[in-house]
Amino acid sequence: MDSPVPPRPPEPRPRRRDRHGRGMRGPIAPPQVPLSASRGEAFVDLVHDSVDRLERRWPQLSDVEFTVREVPPPGRPDDAQEGGWDGESVPLGRLLSAHGNQPARIVVYRRPVEIRTKNRDERALLVHEVVVEQVAELLGLAPESVDPRYGQD
């Protein structure tokens, strides 16, 4: 005599966050409002604003690639790898010289800059200072000659 197979227990229903049947809620803010941008996107916008300001005065910067990274990779500052640091002082940005068919690249590190600032205005100012310092190093000039307002704000 065959023993009956016990029935399967019912699969648990997925819990829905919407217990009142109203459906999923929409986004908090429409996409064109600054509130809808993530912190990373807002930071990239600050870098682009700073680069746009400088490109008007220095058109040769159109050949330079500007990038944003979260944090610098570990390593020694004199390493050939991209932007190493020694663990004592964290860099805010880095210039990578052009070689071969790769253009010069300026990297701005987002988290170290964000940690050193309290609000968006301070962040915009520090981002601009980092970009100006890296451009000055690229061009072999003093930061004050790259942007006359450097260090005044």
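The values are calculated or read from the model by the stated rules, or taken from the named source; none is laboratory data. All values derive from a computational prediction rather than experimental measurement. A quick note on method: Cβ atoms are made from the backbone with ideal geometry, for glycine too, and the neighbour counts reach across all protein chains shown. Just so you know, the surface numbers come from the protein's heavy atoms only, side chains and all, with ligands and any DNA or RNA stripped out. Shrake-Rupley method; radii C 1.70, N 1.55, O 1.52, S 1.80 Å.
For segment 36-52, how many residues are among the charged types (D, E, K, R) and open to solvent by 80 Å² or more (accessible area, probe 1.4 Å)? The qualifying residues number 3.
For beta carbons closer than 7 Å, sequence separation of 6+ or different chains, a first residue in segment 40-67 that is over 18 Å from Glu114 (Cα atoms) and a second that is acidic (Asp, Glu) and open to solvent by less than 80 Å² (accessible area, probe 1.4 Å), the qualifying pairs are Leu54/Asp147; Leu61/Glu55; Ser62/Glu55. Restricting attention to segment 113-153, the residues that are in contact (Cβ under 8 Å) with a residue 60 or more places away in the chain and among the small types (Gly, Ala, Ser) total 1.
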